[in-house]
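J.: Okay, here's the structure, questions in a sec.
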Amino acid sequence: MKLHHLRPAEGATKDKKRVGRGRAGAGGKTAGRGTKGTGARKNVPAGFEGGQMPLQRRIPKLKGFTNPNRVEYAPVNVEVLEKYFDGEVTPAALYAHGLAHKGMKVKILARGDVSKALTVRAHAFSSAAKTKIEAAGGTADLIT
């Protein structure tokens, strides 16, 4: 048996009703379109809203361009690291403290001051944040 030999079971399908072929066929005269109006005379275009301004024209056009390859980071400032951590800081620890959404890449930014020697592991650092961490005696390690 081949795929093109397959057929529905006998009596499982019915022929399409042929309308507009005279009164005797029970689909004559108006052919199921009712009487008068746009639907009786022609096909109504998709999205037509009876003369009201259609949705696709009411919604403002989007300007510009969205880069599909953009990398989003969860920003965390050094003042937050100072407040919550001693020793080592990892993305997993930040997720656990609710400072970044789980699975997001983390970028350390420079707002505030840090006085502890912290070992910070993150996906990205601002140059000022890296300088502040290293000035306090800590290390800033990049995760790839």
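J.: If we keep just the residues of segment 51-76 that are assigned to a loop (DSSP other than H, G, I, E, B) and touching a residue at least 12 places away in the same chain (Cβ under 8 Å), which is nearest to Lys102 (Cα to Cα)?
T.: Ranking the candidates gives Glu72 first.
J.: Here's a check for you: in segment 108-122, which residue that is β-branched (Val, Ile, Thr), touching a helix residue (DSSP H, G or I) at 6+ places or on another chain (Cβ under 6 Å) and in a strand (DSSP E or B) is farthest from Val76 (Cα to Cα)?
T.: Once the filter is applied, the top-ranked residue is Val120.
J.: I'm trying to understand the selection: among the residues of segment 123-144, which are part of a strand (DSSP E or B) and touching a Ser or Thr at 6+ places or on another chain (Cβ under 8 Å)?
T.: Those that are part of a strand (DSSP E or B) and touching a Ser or Thr at 6+ places or on another chain (Cβ under 8 Å): Thr139, Asp141.
J.: For segment 41-57, which positions are under 18 Å from Arg18 (Cα atoms) and surrounded by 12 or more Cβ atoms within 10 Å (Cβ to Cβ)?
T.: none
J.: Does at least one position in segment 42-54 carry a residue that is over 26 Å from the mean Cα position of the chain (by Cα) and either of a type in the set (Asp, Glu) or closer than 21 Å to Ala140 by Cα (or both)?
T.: Among the residues of segment 42-54, at least one is over 26 Å from the mean Cα position of the chain (by Cα) and either of a type in the set (Asp, Glu) or closer than 21 Å to Ala140 by Cα (or both), which makes the answer yes.
J.: Is one or more of the residues making up segment 79-86 farther than 30 Å from Arg111 by Cβ, open to solvent by 100 Å² or more (accessible area, probe 1.4 Å) and not hydrophobic (A, V, I, L, M, F, W, C)?
T.: Looking only at segment 79-86, we keep the residues that are farther than 30 Å from Arg111 by Cβ, and these are none.
No, that holds for no residue.
J.: Go over the candidates Ala46, Ala74 one by one and state the one that is closer than 30 Å to Lys132 by Cβ and aliphatic (A, V, I, L, M).
T.: Criteria check complete, one pass: Ala74.
J.: May I ask you to list the residues in segment 108-144 that are surrounded by fewer than 18 Cβ atoms within 10 Å (Cβ to Cβ), of a type in the set (Val, Ile, Thr) and within 29 Å of the chain's Cα centre (by Cα)?
T.: Ile143, Thr144
J.: Filter segment 1-21 down to the residues that are exposed (fewer than 10 other Cβ atoms within 10 Å of the Cβ) and small (Gly, Ala, Ser), then identify the one that is farthest from Gly51 (Cα to Cα). Let's see the steps before the verdict.
T.: Filtering segment 1-21 for residues exposed (fewer than 10 other Cβ atoms within 10 Å of the Cβ) gives 1-16, 18.
When the remaining residues are screened for being small (Gly, Ala, Ser), the result is 9, 11-12.
Details: Ala9: 47, Gly11: 45, Ala12: 42 Å.
So the residue we want is Ala9.
J.: Sort out which residues of segment 87-107 are in a strand (DSSP E or B) and open to solvent by less than 60 Å² (accessible area, probe 1.4 Å), and write them in order of number.
T.: Residues satisfying the conditions are Val89, Val106.
The values are calculated or read from the model by the stated rules, or taken from the named source; none is laboratory data. These numbers come from a predicted model, not from an experiment. Positions of Cβ are backbone-derived with ideal geometry, glycine not excepted, and every protein chain shown enters the neighbour counts. Just the protein is used for accessible areas: all its heavy atoms, side chains included, with ligands, DNA and RNA removed. Shrake-Rupley method; radii C 1.70, N 1.55, O 1.52, S 1.80 Å.
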